[in-house]
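Everything below concerns the one structure shown next.
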Amino acid sequence: MILYFDKVDLFFNVLHIMIILINSLGWIFNITLKPSLYLILITLSCWTLLGIFQGIGFCPLTYIHSHYLYTNYEFHLPFSYLDYLLIDNFNLALTSKMISIISIFVIFISLLINLKKNNLNNRFLMCLALINIFAWSLIIFKHDIGTKINICLLYTSDAADEEDSVDLGGR
């Protein structure tokens, strides 16, 4: 059980755990209701938008933390901080996929509750959140967390301007 290596690592661990708790339970207290909503939206944006380029479920904080640990201790942090916390530190008999699915449900249920408590219970937003739970779950079932999405661009605007195309190989 390696809970932390030094004060910087401890800071990253505390910050991660605070974000997880606010994302999961921030809707409980009025004082954390709005910050929780914003943090959930930032988290989901990172997982999705940055995930397109860095791998589904990408967290910049985990990336920086991982880089710090590898640089200073040659320690490899898993792609998911929750894997590190629950499997590596607390030796829970969970798979990474199980943790990912639970994370998806918790954050989207928190989002739904948060939207309702913030009086943003628009049917469209609620349906969108429910669809995302389903979509994210399918992504995690089909691929592991951290999977990069292959985007195929046959032509880019620069290539089109120069009348170039991408060589796909073969004939």
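The values are calculated or read from the model by the stated rules, or taken from the named source; none is laboratory data. Source: prediction; values computed, not measured. Reconstructed Cβ throughout: ideal geometry from the backbone, glycine too, with neighbour counts over all protein chains shown. Side chains included, ligands, DNA and RNA excluded: accessible areas come from the protein's heavy atoms. Shrake-Rupley method; radii C 1.70, N 1.55, O 1.52, S 1.80 Å.
Using just the C-alpha positions of the stretch 27-108 as equal point scatterers, what log10 of I(q)/I(0) does the Debye formula give at each q in 0.25 1/Å? Log10 of I(q)/I(0), two decimals: -1.23. Treating the Cα atoms of the stretch 21-75 as identical point scatterers in vacuum, please give the log10 of the normalised Debye intensity I(q)/I(0) at q = 0.14, 0.25, 0.30 Å⁻¹, two decimals. Debye output, listed in q order: -0.49, -0.88, -1.00.
Model label points for LEU130 and TYR63, set 7 angstrom from Cα along the Cα-to-Cβ axis, are 3.4 nm apart. Accessible area per residue for the stretch 27-116 is 54 Å², calculated with a 1.4 Å probe on protein heavy atoms, without ligands, DNA or RNA. In the distance distribution for the stretch 1-151, Cα-Cα pairs more than 25 Å apart total 31 percent. Averaging 1/r over each pair of different alpha-carbon atoms in the stretch 77-120 and inverting the result gives 11.6 Å, the Kirkwood hydrodynamic radius. Charge tally around LEU115: other residues with Cβ under 13 Å, Lys/Arg +1 each, Asp/Glu -1 each, net +4.
Please give the length that would be gained between ASN118 and PHE105 if that part of the chain were fully extended, namely 0.36 nm times their separation in residues minus their C-alpha to C-alpha distance (nm, one decimal). Could you put the intermediate results ahead of the total?
Working: separation 13, 0.36 × 13 = 4.68 nm, distance 1.96 nm.
Full extension of this stretch gives 2.7 nm more.
Subtracting the Cα-Cα distance from 0.36 nm times the residue separation, let me have the gained length for ILE31 to LEU49 in nm, one decimal. Please report the intermediate quantities before stating the final value.
Details: separation 18, 0.36 × 18 = 6.48 nm, distance 2.83 nm.
The ILE31-LEU49 span can extend by a further 3.7 nm.
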